1. Which listed residue (Pro281, Ile380, Phe402) has the Cα farthest towards the positive end of the charge dipole for the chain, taking +1 on Lys and Arg C-beta and -1 on Asp and Glu C-beta about the Cα centre?
2. Give the lysines whose C-alpha is closer than 29 Å to that of Lys7, dropping any in the same chain fewer than 8 places away, or say none.
3. Explain nothing, just the number: dipole magnitude of the chain about its Cα centre with +1 on each Lys and Arg Cβ and -1 on each Asp and Glu Cβ, in debye rounded to the nearest 20.
4. Can you find, among Ile364, Ala213, Thr411, the residue farthest towards the positive end of the dipole of the chain? Put +1 on the C-beta of Lys and Arg, -1 on that of Asp and Glu.
5. Rounded to the nearest 0.05, what FRET efficiency is calculated for Ser189 and Ala39 with R0 set to 60 Å and r the Cβ-Cβ distance?
6. Short version: ³J(HN,Hα) in whole Hz for each residue of the stretch 63-70, in order, from phi by Karplus 6.51 cos²θ - 1.76 cosθ + 1.60 (θ = phi - 60°), x for Gly and Pro, what are they?
7. Would you tally the net charge around Thr305, using a Cβ to Cβ cut-off of less than 12 Å, leaving Thr305 out, and scoring K and R as +1, D and E as -1?
8. Would you order Ile6, Ile12 from fewest to most other beta-carbon atoms within 10 Å of each residue's own beta-carbon?
Amino acid sequence: MSGILIKNGRVIDPANNIDAELDLLIEDGRIVELGHALAVADAEVIDASGLLVTPGLVDIHVHLRDPGLEYKEDVISGTRAAAAGGVTSLACMPNTSPIIDNLAICRYIITKAQEQGSANVFPIGSITKGLKGETLSEMGELKEGGCVAFSDDGVPVVSSELMRRGLEYADTFDAPIISHAEDLSLVGSGVMNEGPVATELGLKGIPWVAEDAMTARDIMLAEFTGGRLHMAHVSTRGSVELVRQAKARGVRVTCEATPHHFTLTDEAVRGYDTNAKMNPPLRSQQDRDAVRAGLADGTIDAIATDHAPHHIDEKNVEFAIAMNGIVGLETLLPLTLQLVKENVIDLNRAIALMTCQPARVIGIDRGTLSRGAFADIALINPDLEWELVPEQLHSKSRNTPFAGRKMQGTTMKTLLAGNIVFER
């Protein structure tokens, strides 16, 4: 058998400005040829008629919960969910137990993913030891061990001095610092977006300024140090505008938005649905529209899920004490394609936001169909309609506000280095 030949698909590779009906030849786990009417004796043929052939999707914000919290998710189940969503590369956040602040944990995750996973896993190391915000982690050692970026995601780095040093230190090996922008003194005991819905429901609100104040601080620190800053899960009008202005000034800042923030608003909390509880919270219609505008005009560089699995017992409680977060790996694709359907962005931009652009943010050689690239590929049916049934998800956890929602677009096959790791 000499390789795999994917024929008759619409190949979309934004990194190389390709959008055409082409055949694609894979040998030894890599892409060796793209062209018309390719014919190779003995190649295994995959007929992609009617399908999009894209680079495997890249999700740079995932919580795999491994090590220590495997009852919610682990490397095996998380990468299986990723493959089912067309995601072949993901970056996992450090708030595991123990924290990804040392070489042993970093190597454990990489090795487990290589041996038993269905996707490439790139760990993100913590900015501070133990996520305590007191001293910097051993970033140089972590970078050498395979960490691609640094974040205390889940909690902000409260000390401006420490954030400054983190930006300076990480910049010496060109790694981004990923900011969780939240002024905790303004959040207080808030549990959802501050506004009319919170007032009606009698729930304490989190004001938009809690995110914007910290976004502004971190942008100023990036401007001052010249370091690379990436803003996680932007959710407010103000944050989007702050990033837009900073980019115009030449600040080295990038940012991501999540499907839940560009799809839902705080109206989803009505009925006290704890699956609609997340951090940052679902915001107002104006905020949602601003995030969509940022995706359309290039202010927002990537779509990332913030996949945050939780056990049902952690969600099946009163709203105020429920855990924050939703699973997102298997809804990334259809919710992003919904933006195309609604003419917010075009298809090529949608694919770019889920492939080459996030890969660029964390500096990994994925997200393209270039000759010689790893054959990480998603075969997508953009028109297939399906209903989200939580019990059918590949994740260990079921916490999604999209249960029962009609979705359009799904992955039919996912290839990782030329091997089929998911087939619908």
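1. Pro281
2. Partners within reach: Lys341, Lys413.
3. Working: 38 positive and 58 negative charges, 64 e Å.
Using only the charged Cβ atoms, the result is roughly 300 debye.
4. Farthest along the dipole direction, towards plus: Ala213.
5. Numbers: r = 66 Å, r/R0 = 1.10.
E between Ser189 and Ala39, to the nearest 0.05, is 0.35.
6. 9, 8, 6, 10, x, x, 10, 5
7. Charge balance near Thr305 sits at -4.
8. Values: Ile6 27, Ile12 22.
Lowest to highest Cβ neighbour count: Ile12, Ile6.
No lab work stands behind these numbers, since they all come straight from the coordinates. Nothing here was measured: the structure is a model prediction, and the numbers come from that model. FYI the Cβ positions are ideal-geometry reconstructions off the backbone, even for glycines, and counts take in every protein chain you see.
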